[in-house]
Amino acid sequence: MASGWGITGNKGRCYDFWMDFSGCMSACREPKDCALLREDYFECLHHSKEFQRRNRIYKEEQRQARAAVADKAKGGENHDNDHH
């Protein structure tokens, strides 16, 4: 990673984040001053926040689908199409 070269021979996808974080760490008084840049770099590497968000969206979509099926099974009306 420190070389900046990715596996295809081009600049690595997270190299710019690494350079920002590394520059901050070199100039800061305390490592906590660079916490947000570290977080950005790690997100670029691992995409953990992105995966958590996708998982929450998927679970909510599944919950809504189950609720819609349950509503239809109870004979509920679809209020989204009411034009009163």
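Isolated cysteines in the chain, defined as those with no second cysteine Cβ under 4.7 Å, comprise CYS28. Straight-line cross-link reach from LYS11 at under 25 Å between alpha-carbon atoms covers these lysines, not counting any fewer than eight positions away in the same chain: LYS49. Our estimate of slack between GLU61 and ASP20, defined as 0.36 nm per intervening residue step minus the Cα-Cα distance, is 11.1 nm.
Here is how the number arises for the chain: DSSP H runs of 4 or more residues each give -39500 (n - 2.57), the sum is divided by the residue count, and the result at 222 nm is -20500 deg cm²/dmol.
Helix 48-73 axis versus longest C-alpha principal axis of the chain: approximately 0°, rounded to the nearest ten. Which lysines have a Cα less than 29 Å from the Cα of LYS72, not counting those fewer than 8 places away in the same chain? List returned: LYS59. The H on the amide N of GLY4, modeled in the peptide plane, is under 5 Å from the matching H of no residue at least 5 residues off or on a different chain. Spread over its residues, the convex hull of the C-alpha atoms of the chain is 183 Å³ per residue. With the highest mean first, a sort of the peptides 38-47, 24-33 on other beta-carbon atoms found within 10 angstrom per residue produces 38-47, 24-33.
With the simple spin-label model, which puts each label point 7 Å out from Cα in the Cβ direction, the ALA68 to PHE42 separation comes to 3.7 nm. Available extension along the chain between ALA27 and PHE51 is 5.4 nm, counting 0.36 nm per residue and deducting the alpha carbon span.
Just so you know, all these numbers are worked out from the coordinates, no wet-lab data involved. Small disclaimer: the values here were computed from a predicted structure and weren't measured. Here Cβ is always computed from backbone atoms with ideal geometry, including for glycine, and neighbour counts include all displayed protein chains.
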